[in-house]
Amino acid sequence: MVDFSKLKSTSGKSALESLNKKLASIAGNESKGGADDRFWTPTVDKAGNGYAVIRFLPAPPNEDVPFVRIFDHGFQGPGGWYIENSLTTLGKNDPVSEYNSKLWNSGVESNKEIARKQKRRLHFVSNIYVVQDSGNPDNEGKVFLYKFGKKIFDKLNEAMNPQFADEEAVNPFDLWAGANFKLKIRNVEGYRNYDKSEFDRQGPLDADDSKLEAVWKKEHSLSAFLDASNFKSYDELQAKLMKVLGEDIAGVRANVAKKAEDQNLPWNDEEVAPKQKSIPAKKVEEINDDDDDESLEFFKNLANG
């Protein structure tokens, strides 16, 4: 059991170093259902612009890391929608990632385009404290979960690992030595853009430790998002993928191979169809990551609509 006094005693440089090690480890290697009122969503105006101030919070009691990383897929095929968490989140083989790699490595541009549309999406989940939310003032002073994409995660990483000598490393998840995050949302070519977002000056969230402890104890579990119950088995996902593709395994193999043959490209159709085996060594990162943190929710709404 981690108590609040220990949390404060570990605040500072050592905590930042420990967090960076966990960050590096993750870099190297949702709950399901309807609306979840544990999550905070920023408000935007009719033009798609918005502003709020939040504070990223430390790891909740009895947990080690203040965020979790989750991969998922959301795309439509002839047989319906495929909206599932990816087993790659847990470091396991996933049929969609394997199939996409095979499509990409076929060298056929049309196969690459299919892989792009089916690529896995990356998002993170952290606990936050809402400092300012003019679009929904009732949220201010409350603790929520916040789902965000790679762009905002990069901002967190940059704060912890500044590029220039005159910049001091900041642990943005620290209650005392962290900093508020000014979330600035713009609509750029139809997509939400977070480039203008930035951290404020360092300082405690509150001068009263008893209030900080109360905030900390209101945090939601993050490790629960990585529970096996949130992920279907490999076989279940493979069956779902085949249904969504509207083809049997033989049909998928023949279709991909034919496109390669038509373009006079070398092709080995072994393992075209998703099967559980080691993840292919050759990965194309551009088809595996996405910083659009709201895209899956968009797909869910379409599928349920």
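With respect to the numbered conditions (1) in a helix (DSSP H, G or I); (2) within 22 Å of the chain's Cα centre (by Cα), which one is the sole condition not fulfilled by Trp216?
(2)
From the list Phe181, Phe144, Phe199, Phe148, pick out the single residue that is of a type outside the set (Asp, Glu) and closer than 30 Å to Leu103 by Cα.
The conditions single out Phe148.
Go through the range 231-248 and count every residue that is assigned to a helix (DSSP H, G or I) and surrounded by 17 or more Cβ atoms within 10 Å (Cβ to Cβ).
Qualifying residue count, the range 231-248: 8.
Give the residue, chosen from Lys32, Lys46, Lys22, Lys8, that is surrounded by 11 or more Cβ atoms within 10 Å (Cβ to Cβ), out of contact with any helix residue (DSSP H, G or I) (no Cβ under 8 Å at 6 or more places or on another chain) and at pLDDT below 95.
Lys22
For (1) farther than 12 Å from Arg55 by Cα; (2) touching a His at 6+ places or on another chain (Cβ under 7 Å); (3) β-branched (Val, Ile, Thr); (4) outside any loop (DSSP other than H, G, I, E, B), each residue gets a yes or a no:
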residue: Lys184; (1), (2), (3), (4): yes, no, no, yes
residue: Asn187; (1), (2), (3), (4): yes, no, no, yes
residue: Phe199; (1), (2), (3), (4): no, no, no, yes
residue: His220; (1), (2), (3), (4): yes, no, no, no
residue: Ala224; (1), (2), (3), (4): yes, no, no, yes
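From the residues in the range 164-182 that are part of a loop (DSSP other than H, G, I, E, B) and either hydroxyl-bearing (Ser, Thr, Tyr) or in contact with a helix residue (DSSP H, G or I) (Cβ under 8 Å, 6 or more places away or on another chain) (or both), which one is surrounded by the fewest Cβ atoms within 10 Å (Cβ to Cβ)?
Among those residues, the one meeting the criterion is Ala169.
What are the residues in the range 93-130 that are among the small types (Gly, Ala, Ser) and closer than 22 Å to Lys150 by Cβ, if any?
Ser97, Ser101, Ala115, Ser126
Scan the range 41-48 and tell me whether some residue there is over 18 Å from the mean Cα position of the chain (by Cα), charged (D, E, K, R) and not in a helix (DSSP H, G or I).
yes
For the subset of the range 73-128 comprising residues that are at pLDDT 95 or above and of a type in the set (A, V, I, L, M), which member is surrounded by the fewest Cβ atoms within 10 Å (Cβ to Cβ)?
Leu90
Name the single residue that is surrounded by the fewest Cβ atoms within 10 Å (Cβ to Cβ) among those in the range 133-163 being polar (S, T, N, Q) and assigned to a helix (DSSP H, G or I).
Among those that are polar (S, T, N, Q) and assigned to a helix (DSSP H, G or I), it is Asn157.
Of all residues in the range 113-132 being in a strand (DSSP E or B) and aliphatic (A, V, I, L, M), which is nearest to the chain's Cα centre (by Cα)?
By that ranking, first place goes to Leu122.
The values are calculated or read from the model by the stated rules, or taken from the named source; none is laboratory data. Quantities reported herein were computed from a predicted structural model and do not represent experimental measurements. Reconstructed Cβ throughout: ideal geometry from the backbone, glycine too, with neighbour counts over all protein chains shown.
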